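Chemist: Take a look at the following structure, please.
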Amino acid sequence: MARGTVVQKIIDAHFVEGSRETGKPVAIRIDQTLTQDATGTMAYLELEAMNVPRVKTELSVSYVDHNMMQNGPENRNDHLYLQSVASNKGVLFSPPGNGICHQVHLERFGAPGKTLIGSDSHTPTGGGIGMLAIGAGGLDVALAMAGKPFRIPYPKVIGIRLTGKLQPWCAAKDVILKVLSILTTKGNVGSVAEYFGPGVATLSVPQRATITNMGAELGVTTSVFPSDESTKRFLTAQGRADVFVPLAADDDAEYDQLIEIDLAEIQPLAACPSSPDNIKTVESLGDIKVDQVIIGSCTNSSYRDLAMVAQTLRGRRIAPSVTLAIAPGSRQVLEMLARNGMLADIIGAGARILESGCGPCIGQGQSPADDTVSVRTFNRNFAGRTGTRGDQAYLVSPETAVAVALTGKFTDPRTLGIEYPVVAEPEKFLIDDGMIRHPAGTGEIIRKRTIGQPPVNTPLPEELDGVVVIKVGDKITTDHIMPAGIHLKLRSNIPAYSKVVFECFSEPGKPTFAERAAAVRDSGRAGVIIGRDSYGQGSSREHAAICPMYLGVKVVAALAIERIHSANLVNFGIVPLLFSDVADYDAIEEGDSLQFHNLREQLAAGGAVKGELRKQDGTTREIVFKHRLSAEDIRIILAGGMLNL
């Protein structure tokens, strides 16, 4: 176990029960929660199902920042529900237009040393201000709002020691892309990345938040920076100096793994299609023609980022072959840019100004044209996430993005011949919380016709007769399982949303996954999903568990299952199993049967779980699975999910 680290100190201060041994379950008290509208509707429906009259956290905030496009009534129906249930349950409400949850929470609510869980995988943004901020499924967030502790394996701590200082045109985004090139997107389950060393002092809170935000792509539980003088300056400028507390690792802190990065050696980098860990230097990409540039998202939409972009664009025009769109991260950022004239510089250069929301990052607008390159300052470039099949999306820093917008092709910003703008940290941010709605504690909860109820699973049977409905490969993301984009408005309607599970693997003229799974369910058998390595990476969306559960899936087996998705499977009564041998994965085909005898007894006993694979030709073989389920996980699964308890 790592000792004397920031992670250990925060966990110790919030310890409820469990073990302080790495990998063993630990339960911690949660101070704050956040939800966003794409996941929040289901989270509050789940909170209602628990009959909790008022939330029991220090602070809970409901944000609307994802489903902003109101093509049809569904999204606005969700917004009205969210605002009314927040008022009823004691939750602050941040309406459409106030900004992206992670940016606003960093500005207005985050506090060093506090614990935060959010129903969005990029909640670790709060680690930039010294919080232990963790992404989770909506049901886990609902449980925290109900006053229950949050359970995780006691983490391994990866120490990332920073030295030196970033050179002009090299950015915090390049730092996290460098870390991704080292650790990749898989193999880091059960770990936390903790940054320390003399280089930390050279990074502002917004820069640190960029690094912790995209740490989600590493697959770690979260990432965290110390709370120091930079943190104090940021909080003071936000009018919140009273929440500052210093927090740092001990000088003799021990880490489970150590990585050394000299910030002075960082170069402009890009994550190439279609994975955040497919890293190359911008210089090595050559003169690739670019059609679209978008600057924004919860990763890179701070005042600092956009002020740098504005100063670079001042008096210049973007290349005529490029469309440039910019989405400020919060109303605070947008209004500050408007008041100091920088917004005019951006507009004058030919940019389009988007809402302060998530939009294009989740395929809600600004989808690129076929066979074109899109350069984005976002955190994910999974295939099809832009809303365009066969997309070519690259992830870069705002520094690189603005260089590309000016030239129309991949350009190392150090070669622009432009002096790097120095953006001073504001001594005082524009502070206006007038849009934050405070809870009245009363009032009717508005539930329109498009909002359903969270489905409840049946208890796990002793004898499970399963059919392999689909077999997939490595790095299956929750975007693959549950597409976002135009389908997001269906998230409060599970029967409708379930029709697009694994839509990306549909073949014309053949039954879809949903049709096949429903047919297995209706025959009285259980659906089984087979994955390979790093199954369920990416977004925290619990619908990637809820919708397969609704379709009758009872087992997901893979070589590795990512943390949040595994927790979501457990919460909805689906058994997450791990192959002991890749040969067992190779032996299974879609349509095969997988039978488990005495399954409840096997799980309750702990250890291995034996299943019988029955091939379609009649041959059989035993497969021995392993799992990382705690006693509490098993109790939940046996009951058919947390809502049954």
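Chemist: Tell me which chymotrypsin sites (Phe, Trp or Tyr not before Pro) from segment 83-151 have a DSSP coil assignment and no more than 16 other beta carbons within 10 Å of their own. Before the final figure, lay out the partial values.
Modeler: Values: sites: Phe93, Phe109, Phe150; in loops: Phe109.
Counting only loop positions with at most 16 other Cβ atoms within 10 Å, none of the chymotrypsin sites (Phe, Trp or Tyr not before Pro) in segment 83-151 qualifies.
Chemist: Now a separate question. Please work out which option in (1) 24.1, 78; (2) 27.1, 98; (3) 23.7, 74 gives Rg and Dmax of the Cα atoms in Å calculated from these coordinates, and answer with its label.
Modeler: (3)
Chemist: Place +1 on the Cβ of every Lys and Arg and -1 on the Cβ of every Asp and Glu in segment 283-374, take the dipole about the Cα centre, and give the residue among Val373, Ala351, Ser284 whose Cα lies farthest towards its positive end.
Modeler: Checked the options; the winner is Ala351.
Chemist: Sorted by packing (mean other beta-carbon atoms within 10 Å per residue), highest first, where do 434-441, 97-104, 183-190, 4-11 land?
Modeler: Values: 434-441: 13.4, 97-104: 27.9, 183-190: 19.1, 4-11: 21.6.
Averaged packing, sorted descending, gives the order 97-104, 4-11, 183-190, 434-441.
Chemist: Then there is this: Using each residue's phi in segment 21-31, evaluate 6.51 cos²θ - 1.76 cosθ + 1.60 at θ = phi - 60° and report the 3J(HN,Hα) Karplus result to the nearest Hz, with x for Gly and Pro.
Modeler: Coupling constants for segment 21-31: 9, 3, x, 8, x, 9, 10, 10, 6, 9, 7 Hz.
Chemist: Ratio of alpha-carbon Rg to the 2.2 N^0.38 Å globular estimate for segment 285-415, to two decimals, please.
Modeler: 0.96
Chemist: Report, by chain and number, residues whose modeled amide H sits under 5 Å from the one on Val373, excluding near sequence neighbours (fewer than 5 apart, same chain).
Modeler: Amide H to amide H, under 5 Å and 5 or more residues apart or across chains, Val373 pairs with Asp291, Gln292.
Chemist: Would you mind computing, in nm to one decimal, how far apart the modelled labels at Thr22 and Val456 are, each placed 7 Å from Cα along Cα→Cβ?
Modeler: Result for the modelled spin labels: 4.2 nm.
Chemist: Across 10 Å bins from the origin, how do the percents of Cα pairs in segment 21-150 run, short distances first?
Modeler: Over segment 21-150, the share of Cα pairs per 10 Å bin runs 14, 47, 31, 7, 1, 0 percent.
Chemist: While we're on this one: Output ³J(HN,Hα) for segment 352-357: one whole-Hz value per residue in order, computed from phi by the Karplus curve 6.51 cos²θ - 1.76 cosθ + 1.60 with θ = phi - 60°, and x for Gly and Pro.
Modeler: Calculated HN-Hα couplings, in order: 9, 9, 9, 4, 7, x Hz.
Chemist: While we're on this one: Quick one: 3J(HN,Hα) in Hz for segment 512-525, Karplus 6.51/-1.76/1.60 with θ = phi - 60°, rounded, Gly and Pro as x.
Modeler: 6, 4, 4, 5, 5, 5, 5, 5, 5, 4, 5, 7, x, 9
Chemist: Using a simple charge model, +1 on the beta-carbon of Lys and Arg, -1 on the beta-carbon of Asp and Glu, nothing else, what dipole does the chain show about its Cα centre, in debye to the nearest 20? Numbers along the way, then the final one.
Modeler: Details: 64 positive and 71 negative charges, 228 e Å.
Dipole about the Cα centre, nearest 20: 1100 debye.
Chemist: A 30 angstrom limit on the alpha carbon distance is what I want to check against. Which of Lys9/Lys148; Lys114/Lys489; Lys24/Lys114; Lys280/Lys499; Lys178/Lys471; Lys289/Lys475 exceed it? Please list the in-between numbers first.
Modeler: Values: Lys9/Lys148 21 Å; Lys114/Lys489 32 Å; Lys24/Lys114 22 Å; Lys280/Lys499 37 Å; Lys178/Lys471 32 Å; Lys289/Lys475 28 Å.
From the list (Lys9/Lys148; Lys114/Lys489; Lys24/Lys114; Lys280/Lys499; Lys178/Lys471; Lys289/Lys475), the Cα-Cα distance tops 30 Å for Lys114/Lys489; Lys280/Lys499; Lys178/Lys471.
Chemist: Take the alpha-carbon centre of segment 180-236, take the same for segment 511-568, and report the distance between them in whole Å.
Modeler: So the separation of the two Cα centres works out to 31 Å.
Chemist: So, one more: Per the helix-only calculation at 222 nm, which mean residue ellipticity applies to the chain, given -39500 (n - 2.57) for every DSSP H run of n ≥ 4 and division by its residues, nearest 500 deg cm²/dmol?
Modeler: Roughly -8000 deg cm²/dmol at 222 nm, from the helical runs in the chain.
Chemist: Give me the distance between the Cα centres of segment 126-173 and segment 276-355, rounded to whole Å.
Modeler: Taking the Cα centre of segment 276-355 as reference, the centre of segment 126-173 is 26 Å away.
Chemist: Something else: Could you give the distance between the Cα centres of segment 606-625 and segment 58-95, to the whole Å?
Modeler: Comparing the Cα centres of segment 606-625 and segment 58-95, I get a distance of 46 Å.
Chemist: Charges on Cβ only, +1 for Lys and Arg, -1 for Asp and Glu, centred on the Cα centroid of the chain; of His627, Cys504, Thr442, which one is farthest towards the dipole's positive end?
Modeler: Thr442
Chemist: What fraction of the DSSP beta bridges in segment 24-156 is antiparallel, stated in percent and rounded to the nearest 5? Please report the intermediate quantities before stating the final value.
Modeler: Details: 4 of 19 bridges.
Percent antiparallel among DSSP bridges in segment 24-156 is about 20.
Chemist: Give the longest segment of the chain that steers clear of GluC sites (Glu not before Pro) in DSSP loops with at most 11 neighbouring Cβ atoms within 10 Å, not counting the sites themselves.
Modeler: Details: sites that count: Glu21, Glu419, Glu427, Glu444, Glu463.
Excluding the exposed sites themselves, the longest stretch runs over 22-418.
Chemist: Could you give the length gained by full extension between Ile431 and Asp474, i.e. 0.36 nm per residue of separation minus their alpha carbon distance, to one decimal place? Present the calculation step by step, with values, prior to reporting the outcome.
Modeler: Details: separation 43, 0.36 × 43 = 15.48 nm, distance 4.54 nm.
Residue separation times 0.36 nm, minus the Cα-Cα distance, leaves 10.9 nm.
Chemist: Counting other C-beta atoms within 10 Å, and keeping those with at most 13, which DSSP coil chymotrypsin sites (Phe, Trp or Tyr not before Pro) do you find in segment 482-556?
Modeler: Values: sites: Tyr497, Phe502, Phe505, Phe513, Tyr535, Tyr550; in loops: Phe502.
Of the chymotrypsin sites (Phe, Trp or Tyr not before Pro), not one in the loops of segment 482-556 has a Cβ with at most 13 other Cβ atoms within 10 Å.
Chemist: Then there is this: Between Phe505 and Arg339, with labels modelled 7 Å along Cα→Cβ, what's the label distance in nm to one decimal, could you check?
Modeler: So the label points at Phe505 and Arg339 sit 5.2 nm apart.
Bear in mind these aren't lab numbers, they're just calculated from the coordinates by the rules spelled out. Model, not experiment: these values are computed from the prediction. Every residue, glycine as well, gets a Cβ built from its backbone with ideal geometry; the counts of neighbours run over all protein chains shown.
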